[in-house]
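Some notes on the structure that comes next.
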Amino acid sequence: MADVDFCVVGAGFAGLTAALRLKQAGRSVVVLEARDRVGGRTFTELRADGTWIDRGGAWVGPGQDRIYALMAEFDVPSYKQYGRGESMMVIGGKQFRYTGTVPRTLNPFATVNLGTAMLELAQMCKTIPLEEPWNAKKADKWDTISVAQWLDHHVRSLAARDLLETAIGGTYTSDTSEVSLLFALHQMASGGGPQFVFGVEGGSQDSRIVGGMGAVYGPMAAEMGDALHLSAPVRRIEQGDDQVTVRCDDMTVTTRRVIVAVPIAIASQILYEPGLPVDRSLLHQRMPSGAVYKINIVYDEPFWRSDGLTGQSAAPGTPAPVTIDACTDAGTPGVLCVIVEGPTARDMCALDDETRRGLILAELANRFGPKAGSPIDFIEQNWTTERYSGGGMISHAPPGVLTEFGPALREPCGRIHWAGTESSAVMCGWVDGAVRSGERAAAEVMAAERVAVA
Ligand SMILES: Cc1cc2nc3c(=O)[nH]c(=O)nc-3n(C[C@H](O)[C@H](O)[C@H](O)COP(=O)(O)OP(=O)(O)OC[C@H]3O[C@@H](n4cnc5c(N)ncnc54)[C@H](O)[C@@H]3O)c2cc1C
């Protein structure tokens with residue numbers, strides 16, 4: 001006789017959502033979380049001054065209906081991302097200010113090249129079947145090349161190339177030579193196309209959650225009560241004929257079915273007994289995550305706003321490649337978020353804290369003026385070295401993987417079911433995708449057990 005109907009491994013948004021929906025459906029469930037906190041790749045820090053900082057995933061946008069549904073369920077409002085003023089692009093040390101998504105102040109060749117490439121990407125995205133991108137008409141062709149190879153052939157302007165490299169490579173926190181074009185097209189298409197991915201207003205960075213992501217995952221965890229076990233890394237999952245045994249260091253759970261909701265990049269840290277089917281097992285070896293620092297820098301005031309700037313900037317090749325205003329809805333204190341990704345982030349891992357901080361602040365002072373060099377706080381989160389994330393922001397597929405192993409992304413392996421943002425056909429890679437995957441996996445295990453009972 002199993003201890004519980006279902007066991008969920010991982011209490012990020014995917015696992016918490018799955019567990020919550022199972023509990024709401026009247027099923028008994030246990031959640032095992034490796035860390036001493038929930039939230040996974042989202043992590044809200046409450047500050048002594050009553051404000052909050054999102055150290056991981058933070059922004060939400062239109063079309064992300066499932067995270068918005070959770071927010072409504074727990075009565076958590078959102079607020080619009082600050083967007084008044086000009087954004088900035090720094091190319092070859094030269095600053096260009098602009099409004100909207102695409103800068104028109106670059107040289108005309110770069111502007112046209114960038115616009116055309118964005119249009120082409122949008123058109124290609126429209127041909128991707130979200131549930132099975134490996135069946136896209138040109139799947140084989142697009143999965144044999146990397147994003148970098150596509151950029152080489154389609155983006156001749158160096159400035160446009162740098163910007164697209166930063167934008168696309170930034171999402172996968174890796175060099176674009178490491179990422180399959182088909183995977184990138186699918187991930188972008190799953191959110192509605194490149195305009196959504198790169199956009200602020202109306203795009204993926206349209207809004208923030210009042211109280212941060214923790215305002216949603218906190219009450220979800222509270223709902224789980226003592227069914228949630230923290231500091232319980234799952235080491236081993238053993239499948240029998242009619243139940244599964246899930247083993248942590250100090251605890252063992254027997255259950256009808258298990259939902260594994262950990263990032264694909266680290267799913268093979270768990271020992272599966274008997275071994276997983278070949279395609280799933282090899283998939284675990286083929287979807288790595290990249291390197292990323294998210295740094296929230298706190299100032300008395302958001303001084304850039306009074307200088308007519310949004311705080312958003314892109315400066316490829318510098319120690320602060322991407323910045324964005326990350327103030328709470330109150331507007332003070334000023335919080336500027338710096339994202340450092342891919343090869344630059346890897347290089348930064350080798351520096352001591354003081355040197356890294358010095359480089360980033362000097363770059364910001366250069367860009368936003370001397371005030372940027374003197375913050376009251378510098379809160380750095382290096383996701384690259386987080387054992388239970390395996391890097392960030394998401395696991396990606398290198399060339400050849402999606403067409404060969406894609407169907408294994410969601411296919412249950414006996415009594416083991418898979419959740420996690422990487423398994424979502426819609427909003428893959430976002431918190432919303434994680435929520436959708438949790439809801440899908442919860443429905444899946446309940447349906448499977450209904451069949452088993454009948
Ligand atoms: C820096 C950064 C910025 C981001 N920005 C945004 C953004 O603005 N908007 C957005 O929508 N998305 C953003 N994302 C992506 C978003 O955070 C993720 O898509 C989402 O949080 C993934 O949720 P998940 O539940 O699938 O996985 P996770 O959040 O990774 O949850 C997996 C859980 O499993 C646990 N775990 C791992 N191994 C084990 C084990 N063996 N046993 C038990 N538990 C285990 C982990 O500790 C973790 O809690 C960002 C991510 C990063 C890193």
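All conditions in (1) of a type outside the set (S, T, N, Q); (2) within 11 Å of the ligand (Cβ to nearest atom); (3) crowded, with 20+ Cβ neighbours inside 10 Å hold for residue 248, with the sole exception of (3).
Restricting attention to the stretch 274-305, report how many residues are part of a helix (DSSP H, G or I) and not acidic (Asp, Glu). The qualifying residues number 9.
Selection of the stretch 152-185 for residues being closer than 23 Å to residue 292 by Cβ, buried (at least 22 other Cβ atoms within 10 Å of the Cβ) and either hydrophobic (A, V, I, L, M, F, W, C) or at pLDDT 95 or above (or both) yields 163, 164, 168, 179, 180, 181, 182, 183, 184, 185. Looking at the structure I just gave you, is residue 322 more than 16 Å from the ligand (Cβ to nearest atom), on the phi < 0 side of the Ramachandran plot, aliphatic (A, V, I, L, M) and surrounded by fewer than 23 Cβ atoms within 10 Å (Cβ to Cβ)? So residue 322 fails the test.
Looking at (1) within 14 Å of the ligand (Cβ to nearest atom); (2) within 16 Å of the chain's Cα centre (by Cα), find the lone condition where residue 194 falls short. Residue 194 satisfies every listed condition except (1).
Could you pull out the residue among 345, 314 that is surrounded by 22 or more Cβ atoms within 10 Å (Cβ to Cβ) and modelled with pLDDT under 95? Matching residue, one of 345, 314: 314. Among the residues of the stretch 424-439, those identified as crowded, with 24+ Cβ neighbours inside 10 Å and either more than 12 Å from the ligand (Cβ to nearest atom) or at negative phi (or both) are 424, 428, 430, 431, 432, 433, 434, 435, 436, 437, 438. When residue 120 is tested against (1) touching a His at 6+ places or on another chain (Cβ under 8 Å); (2) without any contact (Cβ under 8 Å) to a residue 60 or more places away in the chain; (3) assigned to a loop (DSSP other than H, G, I, E, B), only condition (3) is not met. Of the strands (runs of 3 or more DSSP E) that lie entirely inside the stretch 19-100, those containing 1 or more residues that are at pLDDT below 95 and crowded, with 22+ Cβ neighbours inside 10 Å span 86-91.
The values are calculated or read from the model by the stated rules, or taken from the named source; none is laboratory data. Since we're looking at a predicted model, the values are computed, not measured. Positions of Cβ are backbone-derived with ideal geometry, glycine not excepted, and every protein chain shown enters the neighbour counts.
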